[in-house]
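Since every read-out is calculated from the coordinates, none of them should be taken as a lab result. Since we're looking at a predicted model, the values are computed, not measured.
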Amino acid sequence: MKIMGLIVGAGMFLLPATSYAREWIVEDVQAATCEILPWGGATSPYDVEAQLRSEGTVPTITETNNPDGSLATVTLTTDEGQNDTTEIEFFTSMDGCQDQLASDIKDGIVTDPNSLR
């Protein structure tokens, strides 16, 4: 099951604010939006990875590149047991996140809160 978004708990607020040269964007499936980091105290997907590892969870990390070879996304996947996995996808561009969000809404993975009004 594909779940992305706000799964990292309050412990994320304890992460140090590390400066990274890249702006990261995360898909928030609960709000059906794309959020620019910092997010829950994390400034990069690698901060989230470190937090998960400190809590005893070892995520699988997948990096995807753009056609020009530059980094496009970083996905952290954790196994929640019972054939249930959690994915958090981080993007290097707002356009990439918005394209993925639109695709997830179209595929029924994410429910657009505006459609519920």
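Taking amide hydrogens as modeled 1.01 Å from N in the peptide plane, which residues meet the under 5 Å criterion relative to TRP24, leaving out close sequence neighbours?
LEU37
List the residues whose amide H sits under 5 Å from the amide H of GLN30, counting only those 5 or more places along or on another chain, with H placed 1.01 Å from N in the peptide plane.
Under 5 Å from the amide H of GLN30 lie the amide H atoms of LEU6, each far enough along the sequence or on another chain.
Tell me, in nm to one decimal, what length is gained between ARG53 and GLN30 on full extension, where the rule is 0.36 nm per residue of separation less the Cα-Cα distance?
5.9 nm
Want the number for ASP79 to ILE109: 0.36 nm per residue separation, take away the alpha-carbon distance, what's left?
Once the chain is fully extended between ASP79 and ILE109, it gains 9.0 nm.
Percent relative contact order of segment 10-107, based on C-alpha pairs within less than 8 angstrom and at least six residues apart?
The value is 27 percent.
Residue-wise, which Karplus ³J(HN,Hα) couplings in Hz belong to segment 83-92, taking 6.51 cos²θ - 1.76 cosθ + 1.60, θ = phi - 60°, and x for glycine or proline?
6, 10, 10, 10, 10, 10, 10, 10, 10, 8
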